[in-house]
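Enquirer: A single structure is presented below for examination.
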Amino acid sequence: MTGSPELYKCDKCGKVIMVTSPGEGKLVCCDENMRLLEKQTADYKNEKHVPVVEKTAGGIKVTVGSTLHPMTGEHHIEWIAVLDGDMFMAKCLKPGDEPVAEFPTSNIDIYAYEYCNIHEFWTNKK
């Protein structure tokens, strides 16, 4: 992966695409250009969408929000990911799961990402 991932969303059908190597041209879905999603961030103590990273015995744990994000069918986290140098790791989630993922890395100087089905793309640099 060259740099930080980019997410694009089709506002007609809801499809989300992750680009790991940027290039020329536009991404098109449903006959319209896809929208580049902004990476949102905030103070994790005040915002339930920010990925919170902590060291564990086996690596790191990423929790979405200092107060756990809801995981209902209507409002949930679809995935949590980390970028550790040249390694990208992700865990897919579904409604009812806990919005937590563990990754086997001892490096806590990483980028953590999550995607909420309503509030979209969030990141935190630990």
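Enquirer: Can you tell me which residue is modelled with the lowest pLDDT among those in segment 106-126 that are surrounded by fewer than 17 Cβ atoms within 10 Å (Cβ to Cβ) and not basic (K, R)?
Expert: In this case the residue turns out to be I108.
Enquirer: Give segment 23-64 a look and list any residue that's without any contact (Cβ under 8 Å) to a residue 40 or more places away in the chain and closer than 21 Å to C13 by Cα, or say none.
Expert: Listed by number, the residues that qualify are G25, K26, L27, V28, C29, C30, D31, E32, N33, M34, R35, L36.
Enquirer: What tally of residues in segment 78-101 results from selecting those that are assigned to a strand (DSSP E or B), over 13 Å from the mean Cα position of the chain (by Cα) and surrounded by fewer than 16 Cβ atoms within 10 Å (Cβ to Cβ)?
Expert: So the count comes out to 1.
Enquirer: In segment 42-58, what residues are under 11 Å from the mean Cα position of the chain (by Cα) and under 17 Å from L83 (Cα atoms)? Don't jump to the end; show me each part of the working.
Expert: Applying the first criterion (under 11 Å from the mean Cα position of the chain (by Cα)) to segment 42-58 yields 49-51.
Once the filter is applied, which keeps residues that are under 11 Å from the mean Cα position of the chain (by Cα) and under 17 Å from L83 (Cα atoms), segment 42-58 yields V50, P51.
Enquirer: Now, a different point. Could you list, in sequence order, the residues of segment 72-84 that are in contact with a strand residue (DSSP E or B) (Cβ under 7 Å, 6 or more places away or on another chain) and not small (G, A, S)?
Expert: Passing the criteria: I77, E78, W79, I80, V82, L83.
Enquirer: Now for a separate question. Restricting to segment 1-11, name every residue that is assigned to a loop (DSSP other than H, G, I, E, B) and acidic (D, E).
Expert: D11
Enquirer: I'd like the full set of residues that are within 13 Å of K48 (Cα to Cα) and among the aliphatic types (A, V, I, L, M), limited to segment 63-113.
Expert: V64, L68, M71, I77, V100
Enquirer: Quick one: is D97 touching a residue at least 12 places away in the same chain (Cβ under 8 Å) and in contact with a His (Cβ under 9 Å, 6 or more places away or on another chain)?
Expert: For D97, the condition - touching a residue at least 12 places away in the same chain (Cβ under 8 Å) and in contact with a His (Cβ under 9 Å, 6 or more places away or on another chain) - is met.
Enquirer: Any idea which of (1) out of contact with any Phe, Trp or Tyr (no Cβ under 7 Å at 6 or more places or on another chain); (2) under 20 Å from P5 (Cα atoms) is the one Y115 doesn't satisfy?
Expert: Against the list (1) out of contact with any Phe, Trp or Tyr (no Cβ under 7 Å at 6 or more places or on another chain); (2) under 20 Å from P5 (Cα atoms), Y115 comes up short only on (1).
The values are calculated or read from the model by the stated rules, or taken from the named source; none is laboratory data. Predicted, not measured: the structure shown is a model, and the values here were computed from it. Cβ sites come from the backbone with ideal geometry, for glycine too, and all protein chains shown count toward neighbours.
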